[in-house]
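The values are calculated or read from the model by the stated rules, or taken from the named source; none is laboratory data. No experiment lies behind these values; they were computed from the predicted model shown. Note that each Cβ is placed from the backbone with ideal geometry, even for glycine, and that neighbours are counted across all protein chains shown.
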Amino acid sequence: QQQVKQSPQSLIVQKGGISIINCAYENTAFDYFPWYQQFPGKGPALLIAIRPDVSEKKEGRFTISFNKSAKQFSLHIMDSQPGDSATYFCAASIGFGNEKLTFGTGTRLTIIP
Amino acid sequence: ETGVTQSPTHLIKTRGQQVTLRCSSQSGHNTVSWYQQALGQGPQFIFQYYREEENGRGNFPPRFSGLQFPNYSSELNVNALELDDSALYLCASRTSGERAKNIQYFGAGTRLSVL
């Protein structure tokens, strides 16, 4: 059961550009939305997360935008760098601190010079 | 480094066999979760253990079972392997205090191939 839909599947962005990855969810009980970054041969690592009581959260070059009415959230990477090339997963859970995360299918991001 | 080590890194089994995957966490990591990540997919939650007791389970059959030990290591056991069990298996762990920050540390995974 796919409860979190992620797009695009792959993304190529020029260095310095903005990378945008989108996710949509179905379960309105979700109340915690993290993004994970995974490099080849490594496990996912928490990048940034948001609760539905705010519409935007920014940490450095990474910003989450959240639209509760549309049940959508997105990750924006500003000034994208080659080191950002990785697979990104959005996720959702019910309850903060709940490891039972529902992940999206992932976006393979490639930053080209 | 996350301080979470999984072994082995790769494993090949045949259908019907049983497999045990291992995870070693940092001292104090009393919560461990296991995920299955099929090729090209996001991780799927299998189950979680807290202080050696199962504390939540995803949509996986009983042939997936686990153990957590007092030394902060854990195991994932899969019986009667099926071809669809081929995947990367990830464990993730954290301390009780890190629950407030919703941080869990993932290992690099064990790649299981079922032939």
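A few comments on the model shown:
- Residue in the range B:40-49 that is exposed (fewer than 13 other Cβ atoms within 10 Å of the Cβ), more than 23 Å from B:Gly3 (Cβ to Cβ) and either among the acidic types (Asp, Glu) or modelled with pLDDT under 90 (or both) present: yes
- Hits in the range A:6-38 - residues which are within 13 Å of chain B (Cβ to nearest Cβ), surrounded by fewer than 18 Cβ atoms within 10 Å (Cβ to Cβ) and modelled with pLDDT under 95: A:Asp31
- Members of the range A:49-82 found to be among the basic types (Lys, Arg) and either outside any strand (DSSP E or B) or under 21 Å from A:Arg108 (Cα atoms) (or both), listed by number: A:Arg51, A:Arg61, A:Lys68, A:Lys71
- Residue count, the range B:11-39 (criterion: more than 10 Å from chain A (Cβ to nearest Cβ) and more than 30 Å from A:Pro8 (Cβ to Cβ)): 20
- Qualifying positions in the range B:4-26 - outside any strand (DSSP E or B) and in contact with a Gly (Cβ under 9 Å, 6 or more places away or on another chain): B:Val4, B:Thr9, B:Ser25, B:Gln26
- One residue stands out in the range A:39-85 among those that are under 22 Å from A:Glu99 (Cα atoms), in contact with a Phe, Trp or Tyr (Cβ under 9 Å, 6 or more places away or on another chain) and touching a residue at least 40 places away in the same chain (Cβ under 8 Å): the one that is nearest to the other protein chains (Cβ to nearest Cβ), namely A:Pro44.
- Looking only at the range B:40-59, and only at residues there that are touching a Leu at 6+ places or on another chain (Cβ under 8 Å) and of a type in the set (A, V, I, L, M, F, W, C), the one that is nearest to the other protein chains (Cβ to nearest Cβ): B:Phe45
- Filter result for B:Ser27 (touching a residue at least 12 places away in the same chain (Cβ under 8 Å), among the hydroxyl-bearing types (Ser, Thr, Tyr), surrounded by fewer than 16 Cβ atoms within 10 Å (Cβ to Cβ) and in contact with a Phe, Trp or Tyr (Cβ under 8 Å, 6 or more places away or on another chain)): yes
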